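Below you'll find the structure, written out as structure tokens, and then a few comments.
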Amino acid sequence: MSKVIAVTSGKGGTGKSTIATGLAVSLINRGNTVLIIDCDAGMRSLDILLGVSEQVVFDISDVVRGFCTIDNAVYKCPQDNKLYLIPAPHNADETLSPEIFKKAVQVLKRRFDYVIVDAPAGIGLGFETAVAPADLVLVIANTEPTSLRGCGNVRVRLGELNKNKMRLIINKFNYRDFKNEAIYYNLDEIIDIAGIQLLGIVPEDKYFAAITQRGELIEDVTDAVKALDCIAARIEGESVPLSVI
């Protein structure tokens, strides 16, 4: 049965879209078909990260307004024939309502094993729209006070929206820097502040980030890729030990 996963963050700069892309690849490598929907109206970026920016004509708002069919707005990513994208609208004013978006995703999810929704940062209308159809919400955070405050805001808002199946991913983690900064005593303190069950830790990986920004899917097995593979396995019900790489 298809699963809808929303990828969120309380503030920008956490690497949320990179996690969404990397997780999609890890799920594909496990034999799944994946559709990513970019919900960041006015700030869309996934068409660049997935190498389809020059192909884009229609987006999710065009489907809802009847300007095109669903097939017209679904773009196959050139790097993998099991990865597809629906871009976000150019204009922030074209953010869909949660109710309409949820209905659209119910139709789309019949065709894919996973639908990953990349939410805009923060907890505004775009966030509410992105999480509306989600079976699981991933909250991406870094080990910084501002990021964790945003993470707490996301947790509270998800509770208000009755979206209680949420998991935390700590991204861009550098153990040496974490210890040297000495802002927090240990990772348990981070998890306690977030108030969300930990799903995985993705280490800082500049090579992984650079390849993704170039619109390429990374083929090398880097530390970030290993971590995302473990997260994908946990999402699919496997018992994989948590570790800090």
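The values are calculated or read from the model by the stated rules, or taken from the named source; none is laboratory data. Model, not experiment: these values are computed from the prediction. Counting neighbours? That spans all protein chains shown, and the Cβs are built from the backbone with ideal geometry, glycine included.
Inside the stretch 130-162, can you point out the residues that are free of Cβ contacts under 8 Å to residues at least 40 places away in the same chain, over 17 Å from Thr14 (Cα atoms) and not in a helix (DSSP H, G or I)?
Within the stretch 130-162, Ala132, Leu161, Asn162 meet the criteria.
Does Asp177 meet the test of being out of contact with any Pro (no Cβ under 8 Å at 6 or more places or on another chain), closer than 30 Å to Lys82 by Cβ and among the acidic types (Asp, Glu)? Spell out the reasoning first.
Working: out of contact with any Pro (no Cβ under 8 Å at 6 or more places or on another chain): yes; closer than 30 Å to Lys82 by Cβ: no; among the acidic types (Asp, Glu): yes.
No.
Just a yes or no: is a residue in the stretch 63-70 among the aliphatic types (A, V, I, L, M) and either within 13 Å of the chain's Cα centre (by Cα) or part of a strand (DSSP E or B) (or both)? Reasoning before the result, please.
To start, the set of residues in the stretch 63-70 that are among the aliphatic types (A, V, I, L, M) comprises 63-64, 70.
Narrowing the set further to residues that are either within 13 Å of the chain's Cα centre (by Cα) or part of a strand (DSSP E or B) (or both) leaves none.
Checked the stretch 63-70: no residue is among the aliphatic types (A, V, I, L, M) and either within 13 Å of the chain's Cα centre (by Cα) or part of a strand (DSSP E or B) (or both).
Residues of the stretch 53-112 being out of contact with any His (no Cβ under 9 Å at 6 or more places or on another chain) and acidic (Asp, Glu), which ones?
Glu54, Asp62, Asp71, Asp80, Asp93, Glu94, Glu99 - these are the residues of the stretch 53-112 that are out of contact with any His (no Cβ under 9 Å at 6 or more places or on another chain) and acidic (Asp, Glu).
Here is a list: Asp47, Asp40. Which entry is surrounded by 17 or more Cβ atoms within 10 Å (Cβ to Cβ), among the acidic types (Asp, Glu) and assigned to a loop (DSSP other than H, G, I, E, B)? Don't jump to the end; show me each part of the working.
Values: Asp47 fails: assigned to a loop (DSSP other than H, G, I, E, B).
Within the list Asp47, Asp40, the selection yields Asp40.
Filter the stretch 1-19 down to residues that are over 17 Å from Arg157 (Cβ atoms) and β-branched (Val, Ile, Thr) and give me whichever is modelled with the lowest pLDDT. First the steps, then the outcome.
The initial filter retains those residues of the stretch 1-19 that are over 17 Å from Arg157 (Cβ atoms), namely 1-5, 13, 15, 17-19.
After this cut, where a residue has to be β-branched (Val, Ile, Thr) as well, the list is 4-5, 18-19.
Values: Val4: 97, Ile5: 98, Thr18: 89, Ile19: 92.
Taking the candidates together, the pick is Thr18.
Say whether the condition of being out of contact with any Lys or Arg (no Cβ under 6 Å at 6 or more places or on another chain) and among the charged types (D, E, K, R) is met by at least one residue in the stretch 132-139. Walk me through how you get there before you give the answer.
So the first thing to find is which residues in the stretch 132-139 are out of contact with any Lys or Arg (no Cβ under 6 Å at 6 or more places or on another chain), and the list is 134, 139.
So of that shortlist, the ones also among the charged types (D, E, K, R) come out as none.
No, because not a single residue in the stretch 132-139 is out of contact with any Lys or Arg (no Cβ under 6 Å at 6 or more places or on another chain) and among the charged types (D, E, K, R).
Can you list residue pairs whose Cβ atoms sit under 9 Å apart, with the first residue in the stretch 225-236 being free of Cβ contacts under 8 Å to residues at least 40 places away in the same chain and of a type outside the set (Phe, Trp, Tyr) and the second being in a helix (DSSP H, G or I) and surrounded by 19 or more Cβ atoms within 10 Å (Cβ to Cβ)? Count only pairs 6 or more apart in sequence or on different chains.
Ala227/Gly22; Cys230/Ser26
Filter the stretch 50-88 for residues that are of a type in the set (D, E, K, R) and crowded, with 18+ Cβ neighbours inside 10 Å; which is nearest to Arg110 (Cα to Cα)? Steps first, please.
Of all residues in the stretch 50-88, those of a type in the set (D, E, K, R) come to 54, 59, 62, 65, 71, 76, 80, 82.
Keeping just the survivors that are crowded, with 18+ Cβ neighbours inside 10 Å gives 59, 62, 82.
Working: Asp59: 19, Asp62: 20, Lys82: 15 Å.
Restricting to residues being of a type in the set (D, E, K, R) and crowded, with 18+ Cβ neighbours inside 10 Å, the top hit is Lys82.
Look at the stretch 75-120 and say how many of its residues are out of contact with any Asp or Glu (no Cβ under 8 Å at 6 or more places or on another chain), in a loop (DSSP other than H, G, I, E, B) and not basic (Lys, Arg).
The number of residues fulfilling the criteria is 10.
When you scan the stretch 88-113, how many residues do you find that are within 18 Å of the chain's Cα centre (by Cα) and within 21 Å of Thr14 (Cβ to Cβ)?
2
Could you grab the pairs with beta carbons closer than 8 Å, sequence gap of 6+ or different chains, first residue in the stretch 105-124 and touching a residue at least 24 places away in the same chain (Cβ under 8 Å), second one crowded, with 24+ Cβ neighbours inside 10 Å and basic (Lys, Arg)?
Asp118/Lys16; Ala119/Lys16; Ala121/Lys16
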